[in-house]
Each structure stands twice: as C-alpha cells, then as structure tokens.
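Read the structure below first, then the notes.
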Amino acid sequence: MIVGFFPVPSWQTWLTEVGLYEDFIAAQNATINALGLFLAFSFAYSFVKINAKEYNPFIAGLLSLASFLILIPQKYVLHTVDGGVAELPADVTVSAVKELHAFSTDYIGASGILVAILMGYLVSQLYIYLNKKHFVIKLPESVPTNVSESLSPSFIAGTVMILAFAIRLFFKYVPFASTYGNIFSFITGVIQIPLQDIVGSPLSLILILTLANFFWYFGIHPQVVYSVITPILMANAIANITAYTAGEKIPYLMFSLVGLACGTGFGGQGSSIGLVIAMATAKSQRYKEMFKLTVVPSIFNINEPLIFGMPIIMNPIFFVPMAVGPLVMGATGWLFATFIKVANYNPTVSFPWTTPALVIMLFRGGITLLLIGLACLAMTVVIWYPFFKIADKKALEEELPVE
C-alpha cells in the first residue's frame, strides 16, 4: 500500500504509465475491498465454533458466504457507444449492449460488511437450530464417514439457500423494498438518510468521525460509515472546487479545514500517530518493538498493525483516546481556523489517502494551515500519551522476572 500509493504525483504517474498501478489496485481489491467476503464466512464460522462446538463451523461459514454472494447484484449492462464502452447518454444511439456478470467490490467490500454480519448471524442461528431439530440426512453406518458427513447437511444447506434467494427476490419485487433494488442499497439508504440531515457542518463531521472511531474500536472497519457519507462529502468537495475556480467564496471551507484537522491524515483512523510518537518513550520491550513495527506505516496513515497488534481494538485502556480524539482535535482545528485566517486555500489540490495531513495542509493552505496542523499533531500526542504510559507500565511489570 505504501509503495503503490506513495504520495508523490510523479511516482503515481509513472506507475500508471507502466501499467503497475492497476496491479496495486488489484491487491487492495483482494484485501480491504473484499472484507465483506471474509466476514461473511468468518462471522458464521466463529459463531458456531463458539456457541455450538458439536456442529461443523466450516459448513456454517460456507453457507453464510454462499448466501452473501446470492444477495449481491451480479449483472451489469455495458453500452458500446462510438466504439467504446460508456454510460448511456440520453441522446446517443446504442450500437451494442453487453452484459457483464461479476461481483462488484462495491458490495463485497466495506459497504457489504453490515449485510455480511446480518447474514452470518442469521445463517449461523438457522444452522444451529436445524441441526438441533435433526433436519439432516441420516445414512446407514455402512456408508463411508466422509460421504455421510458431506451429505448430512444437504437439507440445511437447501433451506439456507432458499432463504437467501427469497431475500433477494423480496428486494427485487416487493413494492416498498424494490425501490432500493437490493438489500445492500436498503441498508445504505436506511443509514444514509439520517446522516444526510446532519452532514454539512464541522460539528457533524466531528460526530461522524467519532462514530467511525467507535466502530473501529470494536473491530468494524470505519468504511461502514464512510461508504455511506462519501457521496455527501464528494458533493461538498465539488462545491468547494466550483466556487474556487469561479473566484467565489468557498462554501464549505470550515468543514474542509476541520476535516483535515481531525481526519485520518494523522496516522490513520483515530489519529494514532500520537500513540506512535508516545511509544518513542516506551520502557517496555513490547512497545519498543511495536514502535519499530508501526512507525513507518503510521506515517502513511496505515494503522492496522496498531489496531490489531497493539491492540487498540477492544482494549479498555485506549477506548477514551479513540472516542474523544476527533472531538478534541476537531475543536482545536476549528478554534485555530476561526482566529487565524487561512488565505488562499486551494481545494483542487488532490492527494492519495496515504499522504500525511501535514503535507496536504502545506500544499492546500500554505504555512498558516501547516501551523494549524502542527497544533493538531501536538494535540494528538497529548491525547494518547497518558493512556500509553498506563499500557507501557503494565507491560513493563509483566516483563519483570517473577521472584
């Protein structure tokens, strides 16, 4: 990820020219953008393994994954216009139509996580219930064990598949649900509508980022939130660019400034670069090694080694800094940007998500915005430092030899 999305425009251009950029995208699509697939299997597998050890969790995981795939739209229509594939304009005659059957990363990735969780829970519960009711094929003892075990859950599998198929048809033909087209759009719509009512001010953005941090603390990728509000954020960004190029006042200037101040540019979700800086003072061997492992990825806003390796996820010591980080940093950026005028803010300057926030601030708003960014950087260290010292002290005590 660091190599493929290194924040140097000439590097990005070179990767595109030699054809390597699409290969880095492929690696991303097979990992982050396929989280829904992994979760659909692992949720049901883990649920059955923990709650019903007498049954085969592997079968439950496969049934959940298959159900998840059944729900995904799989047909996309490509229109050939003037010899090329394009979206169909209203005034253009179509010369050819081709149907593409595929699973879009729009659904198997972060935007499909909630559906994957729901299906994983539903399938695992149904799998356990039907097993308890002995809804299985019983074969004579003379049948080889491997054959018997493979055929035994056939009735359960058929029931699960029919259920998934029925849910798919429900969102296709039932009047209320069919307005969404599929369960993924339904879930997105249900979450997106209330968010649309609150997005548009710096305070709403701080609350959204706080919600994303809360999700990430419990192991749910923040893209669950971001995938819903991305269209709104893009609309705000386009409005800023349009106004800037027309020489008009930027309508969402404070929204953008606060977004930079409390966003993911300071080490990733949770602004965890402050935790990494705090780890430079570690006394325990555990966190000295963790610092070596995480310092470079965190500079480029990749903090999965911290989230899952520290760990931050489900760690009560780090709940408070994860929860209050966007509030404190957003308020800091908001306060400084209110009293220090950011002149010549340029919203047209675009960078990859791996770019550190300080670099973006320098190029978009010059020295003034960079100073605000440095104040936010100092604040994230202040937020994380006392909680890290608690964790470091505990780790050091555990490392001391028992007398």
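Values in this text are rule-based calculations from the coordinates and carry no lab data. The model shown is predicted, which means the values in this text are computed figures rather than measured ones. Using ideal geometry, Cβ is built from the backbone for each residue, glycine included, and neighbour counts are taken over all protein chains shown.
Each of ASP392, ASP106 has some number of other Cβ atoms within 10 Å of its Cβ, and from fewest to most they run ASP106, ASP392. Considering only PHE155, GLN125, LEU15, the residue lying farthest towards the positive end of the dipole of the chain is GLN125, judged by Cα position with unit charges set on Cβ.
Counting only alpha carbon atoms, the long axis of helix 57-71 and the longest principal axis of the chain meet at about 70°. Estimated from helical segments only, the mean residue ellipticity of the chain at 222 nm is -21000 deg cm²/dmol, where each DSSP H run of four or more residues counts as -39500 (n - 2.57). Going by neighbour counts of Cβ atoms within 10 Å, the residues TRP353, TRP216 line up, fewest first, as TRP353, TRP216. Peptides 55-66, 367-378, 17-28 ranked from most to least packed give 55-66, 367-378, 17-28, packing being the mean of other C-beta atoms within 10 angstrom over each peptide's residues.
Under 37 °C and 0.692 mPa s, how fast does the range 199-395 diffuse according to Stokes-Einstein, given a Kirkwood radius computed over C-alpha pairs? Answer in µm²/s, whole number.
Details: Rh = 17.0 Å.
Translational D for this selection: 193 µm²/s.
For the peptides 252-261, 202-211, 218-227, residues were scored by their other Cβ atoms within 10 Å and the scores averaged per peptide; the highest-first order is 252-261, 202-211, 218-227. Relative to the Cα centre, the charge distribution of the chain, modelled as +1 at Lys and Arg Cβ and -1 at Asp and Glu Cβ, gives a dipole magnitude of about 700 debye. Taking only the alpha-carbon positions of the chain and ignoring solvent, what does the Debye formula give for the base-10 log of I(q)/I(0) at q = 0.06, 0.09, 0.12 Å⁻¹? Here the Debye-derived log intensity ratios amount to -0.32, -0.71, -1.13.
Of the trypsin sites (Lys or Arg not before Pro) found in the range 320-394, those that fall in a DSSP loop while having at most 10 other beta-carbon atoms within 10 Å are LYS341.
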